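Participant: Just passing along the structure, written as C-alpha cells.
The values are calculated or read from the model by the stated rules, or taken from the named source; none is laboratory data. Values in this document were obtained by computation on a predicted structure and should not be read as measured data. Cβ placement follows ideal geometry from the backbone for every residue including glycine, while neighbour counts extend to all protein chains displayed. With ligands, DNA and RNA removed, areas are computed over all heavy atoms of the protein, side chains included. Shrake-Rupley method; radii C 1.70, N 1.55, O 1.52, S 1.80 Å.
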Amino acid sequence: EVEEEEEEEEADAVCGVCLNDEAEEGNAIIVCDDCGIAVHQVCYGVVDLPGEDDEWRCEPCGAKARATAKCELCPMPLGALQPTQEKRWVHSACTLFVPGLTCEDPIRLRPVIGVPQIPKARWSLKCGICKVKGGAPVQCANAKCFFACHVTCAQKAQLFMTIREDAFGDVTREVFCKKHRLKHEEPNYSTCPALAADPAALVLVLQGHLGPPPPVVGQTGQTHGQTAGQITAKRKGGAADKGGARGDTTAGAEKAEKKKGSAANAANKRAADEISADTHAGASQGDTQGPAGKKPRGKKTADKMAPIADTMVPTAAGEGNRDQAAARDQAKSSANTPECSQLVGG
C-alpha cells in the first residue's frame, strides 16, 4: 500500500521548477524522499533514475544541508536548489531567469557559476511582490517599466513568463508584470491555472512538503515557512496599527503607499541604468563559460542555457530597449547547456 501511495504521489506530482505536471520517457518527474520536492529530470539535471526500491534525494537533502540551504537570489525557503561554485545554493528557476548565470556541468546543471559576477545594482532592486529589497530580482521585459521581482515571486504571482529562441539560436527569458503582460501570446513557462487558483498548493509545489502543513480553508493566501510574504504581512500589519493610532484615513494610506511605489520605481530605474552599463561592459569583455555537454536521450528541449544580456532591464535614456548585438555575441560565445525550461505549463 505504501508503494502504491508513492507511485500515485509521483503520478500526480507537479515539477517544482517549471510548474508542469507532464512527464515522458527520458523526462520523468521524481520526488525527493526527504523534503518532497518534485522535479523533472531535465529541469533538475537528473541523469540516472533511481531503481524501484531505491530512494532519491535532491542536492540539499543528499548533502544533509536542507536545514541551512537558502537561495542566494530570492527569499523563498526550501524548493529545488542547486549548489553554486562558491558552495552556496540557488533555485533552478532563479538560475534560468537571472541573467549571466550558467552551469559548470551542463547536463547535471551544477554547480551554478556566475553569481559573484551579478551586477551590484541588481542586488539593490526591490521586489514589487514581496516588497523585500535583497536577492537578485529581474525586471519587467517592457522597456519603459521598472517593476522588478524575484523569479520565485513571479512564479507565486503567476506572472507572464516566457522563453524564446530566435533564428540565431539565441535564447531570451522574459518576465512581464501584470500591467504589461502580452495580450496576443500565451506564457510558456511556469504557468498552471489550477495552482493559480490555490496559492497554498502552489507554494507547496514550489517549496516541497518539508514546510508546515497547508493553511486551513479560508487561509489559502498564506504561505509555508517564514517567507518574505509573511514578513511583509507583519510589517504591513504593524504599519496599519500605527496609522490607526495617528488617525490616518484610507486615502492617506493609499497616497503613502503610492509614494513608496514611486520611490521604489525610481530606485529600480537607477539600478537598471547601472545594470545596463555593467551588462554592456561585460559583453565587450566576455564571460567565463562552463564546458559543453552531450544531450541525454529522451529530451525534447534544446541544450542551450546561454548567459545573455539582461533583456529584462531597460537601457539608459536614448539607448533603446536593449543591445541586441551585445546579447547575440555574448550568447554565441557561451557553452551549450540543457534548456530545461521550454516545457509548457499545464
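This table checks each residue for (1) at pLDDT 95 or above; (2) part of a loop (DSSP other than H, G, I, E, B); (3) within 17 Å of HIS150 (Cα to Cα).
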position	(1), (2), (3)
GLU174	yes, no, yes
LYS183	no, yes, no
TYR189	no, yes, yes
ALA194	no, no, no
ALA200	no, no, no
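Participant: Go through GLY51, GLY36, GLY45 for me and flag whichever is touching a residue at least 60 places away in the same chain (Cβ under 8 Å) and farther than 16 Å from ALA93 by Cα.
Facilitator: GLY36
Participant: Across segment 55-112, which residue is modelled with the lowest pLDDT among those that are of a type in the set (Gly, Ala, Ser) and within 22 Å of LEU125 (Cα to Cα)?
Facilitator: Top of the filtered list is GLY100.
Participant: For segment 127-150, name all the residues that are at negative phi and modelled with pLDDT under 95. Give the derivation first.
Facilitator: Here is the first cut: in segment 127-150, the residues at negative phi are 127-130, 132-133, 136-150.
Hits for segment 127-150 are VAL132, LYS133, ALA143, LYS144, PHE146.
Participant: Let me ask something else about it. Out of ALA167, ALA194, which single residue is under 25 Å from ILE30 (Cβ atoms) and open to solvent by 50 Å² or more (accessible area, probe 1.4 Å)?
Facilitator: Checking each option against the conditions leaves just ALA194.
Participant: Can you tell me which residue within segment 71-126, out of those that are over 20 Å from GLY16 (Cβ atoms) and of a type in the set (Ser, Thr, Tyr), is most open to solvent (accessible area, probe 1.4 Å)?
Facilitator: SER124
Participant: Given GLY229, GLY211, GLY252, which one is within 21 Å of the chain's Cα centre (by Cα), open to solvent by 30 Å² or more (accessible area, probe 1.4 Å) and at pLDDT below 90?
Facilitator: GLY229
Participant: In segment 132-156, how many residues are surrounded by fewer than 19 Cβ atoms within 10 Å (Cβ to Cβ) and under 27 Å from ALA200 (Cβ atoms)?
Facilitator: Matching residues across segment 132-156 total 2.
Participant: Filter segment 32-49 for residues that are aliphatic (A, V, I, L, M) and surrounded by fewer than 18 Cβ atoms within 10 Å (Cβ to Cβ) and give the result.
Facilitator: VAL47, LEU49
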